[in-house]
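Okay, so here's the structure we're looking at.
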Amino acid sequence: MSELFAADRMERAQLAAAEAGLDALLITPGPDLRYLTGYNAPSLERLTCLVVPVSGPATLITPVLEMPIAQASPAAELGMSIVAWPESADPFELVATTLVERLGRSPRRVGLANQMWADQVMALREALPGVGQALAGTVMNELRIRKSVEEIAALRGAAAAIDRVHAQMGQWLRAGRTEKQVADDVSAAIVAQGHAVSSFVIVASGPNAASPHHEISSRVIEPGDVVVVDIGGVMPDGYCSDSSRTYAVGSAPKDFLAYYEVLLAAQEAGVASVRPGVSAESVDAQCRELITAADFGDFFIHRTGHGIGLQTHEEPYIVGGNKRPLEPGMVFSVEPGIYFPGQHGARIEDIVVCTDEGVERLNRQPRELVIV
Ligand code: ZN
Ligand code: ZN
């Protein structure tokens with residue numbers, strides 16, 4: 001755990017915050033807090049806030065009743081002080097006084113965690129009058145976008161766990177069952193295969209397969225249905241999985257088979273194009289070109305992919321307009337889809353890593369249409 005949540009992250013965050021013209025980062029529960037400390041703090045109405053001045057030790061401010069879990073978390077091993085606030089105290093004042101003490105002066109500008117609740121943002125504005133507020137995400141996302149060797153190993157483990165769930169899909173996905181019945185079994189398997197929680201289960205059958213973010217319904221799966229299954233969970237270490245496969249129940253419609261082949265080739269081309277220096281948008285373009293050349297371009301209605309780490313969706317986004325060059329250590333999905341409203345659809349999704357030499361696929365399940 002300590003190798004995964006390395007202590008030097010705090011120092012790198014401090015340096016980056018200083019470069020961004022911030023005096024401190026104020027990080028409430030969420031992926032940034034977990035990234036910096038390993039602490040998976042509950043996100044509740046009582047304030048938990050990591051106060052990170054640009055130099056010197058950080059302070060974790062926690063509600064008194066959550067002191068035991070804060071002390072039991074990896075944050076305690078990082079040598080920061082953990083300060084509890086009693087029920088009747090004003091935790092925002094405590095953040096303000098801690099910050100002034102650590103800096104030896106009033107801050108001018110602070111970075112707030114992107115996922116901080118709006119009521120907390122407003123309360124901090126009152127407790128720190130005249131202090132500029134910025135998004136800590138501009139600093140944190142830059143650190144999180146390049147994964148360490150340990151993080152890539154964690155994501156490899158998450159991908160293998162979700163692959164084991166897809167490998168068993170034939171046990172659950174059958175004509176006569178509802179999408180919900182299938183999803184309940186898949187959800188249990190996501191946990192059984194090593195995830196701490198199942199984050200989402202999309203079982204989109206028949207015409208529902210044409211809706212990329214359809215989750216589940218009471219629709220009964222029929223012979224000849226195409227079914228998009230897009231699933232993911234969070235491992236105990238906090239790292240996420242996300243993989244889609246398309247299945248056919250017994251057989252698939254002929255017009256479907258024609259575009260599935262195109263989709264398969266497009267996903268392959270997209271993945272093969274990944275290497276350092278290539279832009280995020282060019283990976284999207286690689287996928288899109290093949291699909292457009294086959295006249296299915298109007299039916300590929302979403303971006304090609306998203307980064308993944310402590311969040312299922314994070315930077316880098318593989319989308320037209322994102323000219324950012326890929327770098328070794330970036331981990332993201334390549335998931336083109338083709339969707340015919342009212343009829344059927346397909347998506348193929350793998351998580352890949354940009355490596356020094358090119359690309360490594362983390363999901364290894366066959367991508368050909370699986371007949372169940
Ligand atoms: Zn995805
Ligand atoms: Zn997905």
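The values are calculated or read from the model by the stated rules, or taken from the named source; none is laboratory data. Remember, predicted model here, so these are calculated numbers, not experimental data. Here the Cβ positions follow ideal geometry from the backbone for every residue, glycine too, while neighbour counts run over all protein chains shown. In case anyone asks, the SASA skips ligands and DNA or RNA and just uses the protein heavy atoms, side chains included. Shrake-Rupley method; radii C 1.70, N 1.55, O 1.52, S 1.80 Å.
Of all residues in the stretch 289-304, those being open to solvent by 10 Å² or more (accessible area, probe 1.4 Å) and either of a type in the set (A, V, I, L, M) or away from ligand 2 (no atom under 16 Å from the Cβ) (or both) number 11. Of the residues that make up the stretch 243-258, is at least one of a type in the set (D, E, K, R), modelled with pLDDT under 95 and open to solvent by 10 Å² or more (accessible area, probe 1.4 Å)? Yes, some residue in the stretch 243-258 is of a type in the set (D, E, K, R), modelled with pLDDT under 95 and open to solvent by 10 Å² or more (accessible area, probe 1.4 Å). Arg367 falls short on exactly one of the conditions (1) over 16 Å from the mean Cα position of the chain (by Cα); (2) open to solvent by less than 10 Å² (accessible area, probe 1.4 Å); (3) within 16 Å of ligand 1 (Cβ to nearest atom); (4) under 26 Å from Ala204 (Cβ atoms), and that condition is (2). Of Asp90, Asp119, all but one fail to be in contact (Cβ under 8 Å) with a residue 12 or more places away in the chain and either exposed (fewer than 15 other Cβ atoms within 10 Å of the Cβ) or not assigned by TED's automatic domain parsing to the domain that holds Tyr39 (or both); the exception is Asp90. For the stretch 165-177, the criterion of a residue being within 30 Å of Arg12 (Cα to Cα) and either within 14 Å of ligand 2 (Cβ to nearest atom) or under 24 Å from the mean Cα position of the chain (by Cα) (or both) is satisfied by no position. Scanning the stretch 192-229 for residues that are of a type in the set (A, V, I, L, M, F, W, C), touching a helix residue (DSSP H, G or I) at 6+ places or on another chain (Cβ under 9 Å) and part of a loop (DSSP other than H, G, I, E, B) yields Ile216, Ile221.
Would you mind finding the one in Arg9, Arg34 that is modelled with pLDDT under 95, crowded, with 16+ Cβ neighbours inside 10 Å and charged (D, E, K, R)? Give the derivation first.
Values: Arg34 fails: modelled with pLDDT under 95.
After ruling out the rest, the residue left standing is Arg9.
Only one entry of Gly194, Gly224 meets the criterion of being more than 16 Å from ligand 1 (Cβ to nearest atom), modelled with pLDDT of 95 or more and touching a Lys or Arg at 6+ places or on another chain (Cβ under 9 Å), and that entry is Gly194. Exactly one residue out of Arg303, Arg245 is free of Cβ contacts under 8 Å to residues at least 24 places away in the same chain and among the basic types (Lys, Arg), and it is Arg303.
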